[in-house]
Every structure is written in structure tokens, then in C-alpha cells.
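Structure record follows, encoded as C-alpha cells.
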Amino acid sequence: MMRLKKFIRLTSAVALFAFAGAAQAEPYLAAQMGLKCVQCHVNPTGGGMRTVFGNAFAQTQMAAKRIGSEEDLWTGQVMKFLSVGGNARANYSFTDVPNQSSTNDFAVEEARAYLDFGVIPNRLSVYIDQRFAPGNSTNLEANIRYWISENSVYVKAGRMYQPFGYRLEDDNAFVRQLSGINMQAPDEGVEIGFEKGSWSTQVALSNGTSGAPEIDDGKQIVARTEYVGSAWRLGVSAVSNDTDAGDRFGAGLFGGFRLGTVTLLGEIDYIDDDSIGAEGRKLMASLVEADWKMRQGHNLKLTYEWLEPDDDVDEDEQTRTSFVYEWSPIQFIQLRGGVRLYDGIPQNDLQNRTQAFLQLHGFF
Amino acid sequence: MTTPLDKLLAWKGFLVFSSMLALAGCAGDGAGLDANGRPLPPAPPPNNDFQEIQDTIFTARCVGCHSGANAPQGLRLDPGNSYALLVNVASAEVPGLLRVSPGNPNASYLVQKIEGTAAVGVRMPADGPPYLSLDRIDLVRRWISAGAPIASAPSDTLVVASTIPAAAETAAAGLGKLTVVFNTNVDSSLVNANTFALRDAADQPVALAAVRVPTARQNVVELITVLPLSAGSYQLSVHGDGPAPLASEAGHVLDGDADGKPGGDTFIPFDVNAGAAR
């Protein structure tokens, strides 16, 4: 017990003094801190359950104020071989679509729980990510992860999110919609990862059906590699999916850097999809994001996105501009409010909608 | 703690962000696309029937009488005026019938007149026989059945084709409606008192009760004066310059000065007599 307390104190101290800045499970935080995804998440490609470090980080650096005693620091480890975590997001949103009556509603965006059975500490884990709301209970990830070489090479098999570009919290981002690889569409297969020095690399082979039953012999290969520096990072992604409906190939470039209290992220993706329509389509999307850490617990996020749904068709592009303010008053609570402005072709009202939202985000 | 260096770097960050935005794309204007952002189907093949009707019937047989300010029943059949005064326009002799009812040749008064089945008046052409040959009548019927299209293909320019009264023409006293006919359909949202103006000889604006695009005649604009015009000189102007110039449905700005380029104004001077027009 004393050793655990000592570890917690040490982890907190590292979080406090070695990485002065805010923290939450989004890529801009990694770019802000100069960290790899694996530093804060048990999943080396990011998202989902947080590590002991990630939990300590969230409590000591993410919130404007931490309440509770030092002994109450949550690590996620409820038993020696079992860690738990979760995310819940409750929204109030307002949507205005031209030529339609505006709508507003309360909704649960997501309620998810994570379980990580570390049957051989730092070597072998069984991981489960289950979504309980909205709708029926759905398994999003269920996989076995084995570190062949401790903290450097792993193999993962089962149902998992695929590694492509940035793993954004916002699955509606154009770059995530375009690639079809996001946290709503896990796939089943195997992934090998390399976490050596400043490099983070993953290669995955999967059915290419976004979790649906396999219906042909073709498979999807996704690869992602990223160089992570202390103040900047740059990575590339590629995906190739061989299906009876048509082949799908994609590539992306992503990067980020920190300039004082501002962190900038960018991603641009290209998809050549022969499975759409009779002649196939070439699509592109880009994301530019600026996060301004105004002070601890306060972040202003500006995002501009661009979507080219068919490179062979002119004047069909869409954009989405977002202004989001994120406030973390205490640990494990985040209040988010923002506006998203969609701009598309004038004959499509939905492509020109405006959304405003307030979100209460709880996590652990 | 935020240091001055941090603040400086933050501003640089926003400058870099702005530069990145400049490199990002903009939303499309949707030209030529349907509501799903897919290309519209190709336009139907050109229909030149009306031009043939104009050349072989109206100009060849009709404009001897049906032209000028005193055209019978107010129906001018000279090029530039004929379409605007036929299609979806009520007959002066039988107001319950349209001169040309697109898609319905049997209910078009023009067909009844050239076939000699009209209940009122004489068969046209009035100097017949000979009247129009069967193939010419069939041409008119075919054109109306096809929806009475105006021209072969959408134009990539917008120009004033003709006006009533015409430039330098002397109109009869009591004129209360001016008609401007364009070579293609106009954007009705741009038809207003800013793009159409009427001034008198003292260069004073003449009050207009309405500036409008008649129903189903998108290539025509009518100006209705508050009071009938008194005798004198006037100038009608159509503006292709200014912050919101007149443009076609396809978005082509008016080539008002006929220099082959968008922009410029068209001026139509005319007179109104105290007596009958000449």
C-alpha cells in the first residue's frame, strides 16, 4: 500500500512539474505536451481507457482545481489485475436548418465503460470497451493485447479501432467521416505496434467491414506512423481495403506543433473509393485546429474543416467551422459549449445548418 | 505561468493558424448540382423550332401588320417581341385563352387562328389564302407541345433583346406598362427598382408601381407606372453595374453596353405622344 501511495505521489509530481499544461483525451493534448498517445491511454493508438499516468494527469493538470485529498487520487486500478474507466457525455443541443423549424433537445451522446484485465502486468491484457447508451449495449472494442517487448512492441487481436490519422473525439469531423475510421466503426483483426523512441507505428489487418460480418475474401490493411517531438509531430497514414464492391485506397498526412499556449493540429486525407457508384469517387478532407490554453482548465478550440465529396465534381465542397470552449472546473468533469457552422451547396439545407451545444462530460 | 514569450508565441500561433485557413478550401456554390451535390443531368437537346417559326412564319408572313406600336391586338411578331407577347399571354380577342399555352396546342389561340378554327376574327395570315402550309402548322403545334421553349440552348450572356416601346419609338399617350424582353431567363430576385429605372426628360425618376417578372415568362420584365405617362421624352435604363446588377438565372451579369463582357447599362429612350402613337 505504501508503495502504491509512493507511486501515486511520484506520478502526480511528474504530471505537475514535468508537463505543465492541461490534459484530456484528445490529440491536441498530446501535441501540447509532446507525448505519445500510449502515455495516457492503455490503447497505444489513443482513446478509451486511461493509464495510471493519464488518470493522474487528468486530476492534477486538466482541472482548474482539484478537490479531495491526495490519498483519493483515482488511478483506475480497482484491483491488482483489473482497471476500469468510463466516459459519459450529456448534451443539450440546438440545431437550425434553413427553411425548417429549429430543434433543440437533451440527449445522451454516449455512456461507455472500459475494463482492462492485466493478467500479466505490463505484458498481457484483455480489454473491453462497451457502450451502454444511446441505444442498446454495443461492444466497441474487445481485444487481447500482448507486449512482446515491454513498452516497445505489441500485438493486439480482436475488435478494435483502426489506426488512421488523429483519433478525434468528434466522430463527425470530416476527416473521420471521409476515412470511415473513427470510434463508431471498430473492425475485427490484428494489429502490430512499435513504440520506440520518438516513433509510434501501427499496422493492422482486418476484415474491412467496420465490424460487420465478413462477406468476401478481401481484407483491409491500415498503417500509421508518427514522429513525436517535444514541440511538434508529423505522421502519415494509409489504408487499403479490398472488397467485392470495389477497392478503397486512402492516404493521409497529419501533424501538429506547439507555439506557447497555442497548439495547432492539421490533417489532410485523400480517399480513392471504387465502391461508390458506377465510376467510383475521389474524396478529400482536411482539418485545421487551434487550441488555446487560456489558463489551466480552460481551453478555446477553433476548428476549420473542408470536405471535397467528389474530386470530379466542381462546386460541391463543404466546410465546417467550430468554436468550442472547454472548461474543466474539477477533476473528471468537463463542461463544453460551442457552435458549429456548416457551409455547403445552397440547394442542400442540411449542409448549411448551424448547431450550438452544451455538453457535460464526465470521465474516469 | 504564462510568460511574455508564451504570449508572443501564442500570437504567432494564431497567425500560423490563419495562414493554414487561407490554404484550406471554401464551400462550393453548388452551380450545376442537385440537392445531393451530384451533377445535374445534361440539358435536353437544343430545340430551334421557335427560331424556325420566327424566320419562316412570323417574319415571312406576319410582321407586315404585326409590328410597331399599333400592331393588331397589341401583338408584335417581330424578332425579340414575338415570344414575350405570345407565350402565356392572354389573347386580346378571347381573353379566356392564352395565345400560346405551353404543352397544349389545342388550347392555344395562335393555333386556332392559323388553322381557322377560332371563334372570333379571321383566319391568319389575314392576307390569305394562301394560308400556312400543313408542315408549318405542324411545326407550331410541335413547338407548343414541347413546352414552347424560347431558344436552342441556355445563353452564357444576358442582353436586352427588345423593349416595348422600342428604343427611339413614339408610344401612344396613356402608356402605363413597359416591357423588357431578354435573350434568356433573368434572376427574378434581382428584378427591382435598383436594376430598372425610368426617368423623364428632366431626369427625374418616374414612380413605378411594380417591377416584376410575369408568371411563366422568366425572360420578360414588366414595369408598371403609378400613373399613365404623359406626353414627353423618357429613358428606361437597365443596370448591369452596381452592387447587385441584373443577372440571368445562370448567374451571368447583364452585358448592358453590348461590349461582349458582363456589366454596363442599357438605355432605351422613347417618347410618348399626346395623341395616337406613330
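Sparsely packed loop sites in the range A:74-130 (the trypsin sites (Lys or Arg not before Pro) outside DSSP H, G, I, E and B with at most 10 other Cβ atoms within 10 Å) comprise A:K80. Taking the helices alone, chain A has a mean residue ellipticity at 222 nm of -2000 deg cm²/dmol, built from -39,500 (n - 2.57) per DSSP H run of at least 4 residues and averaged over all its residues. May I ask for the angle, rounded to the nearest 10°, between helix B:4-23 and the longest principal axis of chain B, with both axes built from Cα atoms and the value confined to 0 to 90°? Between helix and principal axis, roughly 30 degrees. Given a Förster radius of 51 Å and the C-beta distance between A:I192 and A:D96 as r, what FRET efficiency does 1/(1 + (r/R0)^6) yield to the nearest 0.05? For R0 = 51 Å, the calculated efficiency reads 0.65. Does chain B come out rounded, prolate or oblate, given a ≥ b ≥ c as the square roots of the eigenvalues of its C-alpha gyration tensor, rounded meaning a/c under 1.5 and, failing that, prolate meaning a/b above b/c? Here chain B falls in the oblate category.
Nearest 0.05, what FRET efficiency do A:T138 and B:T157 give at R0 = 51 Å with Cβ-Cβ as r?
With a Förster radius of 51 Å, E is 0.30.
Residues B:L77, B:L158, A:L360, A:L302, arranged from fewest to most other Cβ atoms within 10 angstrom of their Cβ, appear as A:L360, A:L302, B:L77, B:L158.
Summed over qualifying helices (DSSP H, 4 residues or more, each -39500 (n - 2.57)) and divided by its residue number, chain B shows a 222 nm mean residue ellipticity of -5000 deg cm²/dmol. Rounded to the nearest 20, the Cβ-based charge dipole of the protein assembly as shown about its Cα centre (Lys and Arg +1, Asp and Glu -1) stands at 2540 debye. Remark: A:E226, A:E150 ranked as A:E150, A:E226, counting other beta-carbon atoms within 10 Å and listing the fewest first.
For the segment A:252-263, counting C-beta atoms of other chains within 10 Å of every residue's C-beta and taking the mean gives 4. Of A:K219/A:K282; A:K80/A:K196; A:K156/A:K196; A:K36/A:K282, which pairs sit farther than 25 Å apart, going by alpha carbon to alpha carbon? In this structure, A:K80/A:K196; A:K36/A:K282 lie more than 25 Å apart at Cα.
Here's how it looks for B:G128: its modeled amide H is under 5 Å from none belonging to a residue 5 or more places away or on a different chain. Say the dipole of the protein assembly as shown comes from +1 at the beta carbon of Lys and Arg and -1 at that of Asp and Glu; which of A:F364, B:Q54, B:I137 then lies farthest toward its positive end? Of A:F364, B:Q54, B:I137, it is A:F364.
Each Lys and Arg Cβ is given +1 and each Asp and Glu Cβ -1; about its Cα centre, the range B:188-278 then shows a dipole of about 300 debye.
Legend: calculated FRET efficiency, B:A167 to B:A35, from the Cβ-Cβ distance at R0 = 51 Å, rounded to 0.05, equals 0.75. At 37 °C and 0.692 mPa s, what whole-number value in µm²/s does Stokes-Einstein give for the translational diffusion of the range A:207-288, with Rh from the Kirkwood sum over Cα pairs? Once the numbers are plugged in, D ends up at 227 µm²/s. Among A:S237, A:S149, a tally of other beta-carbon atoms within 10 Å of each Cβ gives an order, fewest to most, of A:S149, A:S237. Positive end of the dipole of chain A (Cβ unit charges, origin at the Cα centre): among A:Q351, A:F254, A:S286, the Cα lying farthest that way belongs to A:F254. Work from the charge dipole of the protein assembly as shown (Cβ charges, +1 for Lys and Arg, -1 for Asp and Glu, about the Cα centre) and give the residue of B:V111, B:P245, A:F106 farthest towards its positive end. Final value for the positive-end residue is A:F106.
Placing unit charges on the Cβ atoms only, positive for Lys and Arg and negative for Asp and Glu, gives chain B a dipole magnitude near 500 debye about its Cα centre.
Since every read-out is calculated from the coordinates, none of them should be taken as a lab result. Source: prediction; values computed, not measured. Here Cβ is always computed from backbone atoms with ideal geometry, including for glycine, and neighbour counts include all displayed protein chains.
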